[in-house]
1. In the stretch B:248-272, which residue that is more than 10 Å from chain A (Cβ to nearest Cβ), touching a residue at least 24 places away in the same chain (Cβ under 8 Å) and out of contact with any helix residue (DSSP H, G or I) (no Cβ under 6 Å at 6 or more places or on another chain) is nearest to residue B:212 (Cα to Cα)?
2. Taking into account only those residues within the stretch B:295-315 that are part of a loop (DSSP other than H, G, I, E, B) and in contact (Cβ under 8 Å) with a residue 24 or more places away in the chain, which is surrounded by the most Cβ atoms within 10 Å (Cβ to Cβ)?
3. Could you tell me which residue of the stretch A:8-55 is nearest to the chain's Cα centre (by Cα), considering only residues that are surrounded by 18 or more Cβ atoms within 10 Å (Cβ to Cβ) and within 22 Å of residue B:270 (Cα to Cα)?
4. Which residues, taken from the stretch B:232-272, are in a loop (DSSP other than H, G, I, E, B), among the hydrophobic types (A, V, I, L, M, F, W, C) and more than 21 Å from residue A:25 (Cβ to Cβ)?
5. Give the residues of the stretch B:273-289 that are more than 7 Å from chain A (Cβ to nearest Cβ), out of contact with any helix residue (DSSP H, G or I) (no Cβ under 9 Å at 6 or more places or on another chain) and either crowded, with 21+ Cβ neighbours inside 10 Å or not in a loop (DSSP other than H, G, I, E, B) (or both), sorted by residue number.
6. Using beta carbons and a limit of 6 Å, which pairs, at least six apart or on different chains, have the first residue in the stretch B:53-75 and acidic (Asp, Glu) and the second one modelled with pLDDT of 95 or more and buried (at least 20 other Cβ atoms within 10 Å of the Cβ)?
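The values are calculated or read from the model by the stated rules, or taken from the named source; none is laboratory data. No experiment lies behind these values; they were computed from the predicted model shown. With ideal geometry, Cβ positions are generated from the backbone for all residues, glycine too; neighbour counts draw on all protein chains shown.
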Amino acid sequence: MQKDITIDGVSFMKDWAWSKTEQQFVDEFKGMDHIFPEATDKAGKLKEAYSIIQKEKPKPIEPAKPNLLEAVK
Amino acid sequence: MSNFSICGQVAANTGGIDCDVTRGVPSSLIVGSGSFLTTDYATSAGFKTAFLQKIKRANTAGDKLFPFPVIQGNTDKTVAAKEGNLGYGLRVVLLRSKPGYEFDVLAGSSLEKKLMKFNNKTIPVYVFDDSSNIWGTINSIGTFSGALYLLTVEPRGFGDGQSPKTTKISISIIDSKDFTENSKFASTDFTTSDLTGLLDAVLFESAVHATNVYHIGAKILTDALNSFVDVHANSIYATGLAAAANWVAKTGATFGTSLAITTVVDDPTNGGWTVTLDSTAYTALASGAQIKLNFTDPGTLDTAGITGIEGNAIILTKP
């Protein structure tokens, strides 16, 4: 799987973004001019980007369901 | 003649194989310690992939292979077998011949400097011939590698208007058996253009940084004064390297600690890329701490379509 994702010219590292909350993500970049320089609502744009990145986060593997037949035995 | 013999034990059957292959005309040399296990060359496609991957290794990799420029001429410098004669004239070979060759290659002064770093080195050498066979040697457990040669490089002088001048690469084999008894070749469909070396892309700060936000450019140095090739000026590289996955940052005493890169953005204003490091980790670094920033390894870059270069890291010192 690709390690990064590019959104409107900004390449984000996915695993780093996955480890952050939305607020931490916004706080990290809101003061940086080179991140989404065209955006009028920078915080909104960052939240949108965060949401896109989170959608690519792998789902945790569900624990195996107990084998009921084995349990009956 | 005696009817008793151990020829079958000390010698061998002498039948010939139809269409057996002989060495062709050398097209290029590939030097370095990269070798191939039986599993690597179990299939032709597997060998081809493995061989090209080793050319794209980082300089720090012990198994990297370095292709030399295409050969334009070849002089046999094999040292003839040493002979002696008995009293009645029987000629006896005292020492077998020692294969060696001198190759002419075209290399500009920038490349010649790189080639000179191999001068007087004992190094494994694969010879790629005009039948696309790669000649090397094999050991007792089946590992295919370059035969060990003493390699020397004679730089090109000024022209004289009389004869063409070239850079001369000479090889003399360490163990003559590696040229014959231990010799093996791999048939490929390579062309010499498949076997080209990497260029060093030297990273530099293209503008002053602001805390954890760095402006980085990359240049390929040339021998011309105050001249370099700007990697960012090529749009394929400008776009391809504007990807966080193609960069790596390390810190710590031996640069063994990863430092997270959060974003990378193309930075045409400064002719490079804006690389942002994780602010929390950056803030935690002491003043004077060093950060080694580089492109990722050339093999990964190649897979991402950024071909032919290897990043030379920049060391950044936190103020």
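1. Step by step, filter the stretch B:248-272, then rank; the result is B:249.
2. Among those residues, the one meeting the criterion is B:306.
3. By that ranking, first place goes to A:12.
4. B:241, B:253, B:255
5. Hits for the stretch B:273-289 are B:277, B:281, B:282, B:283, B:284.
6. Within 6 Å, the pairs are B:63/B:34; B:63/B:54.
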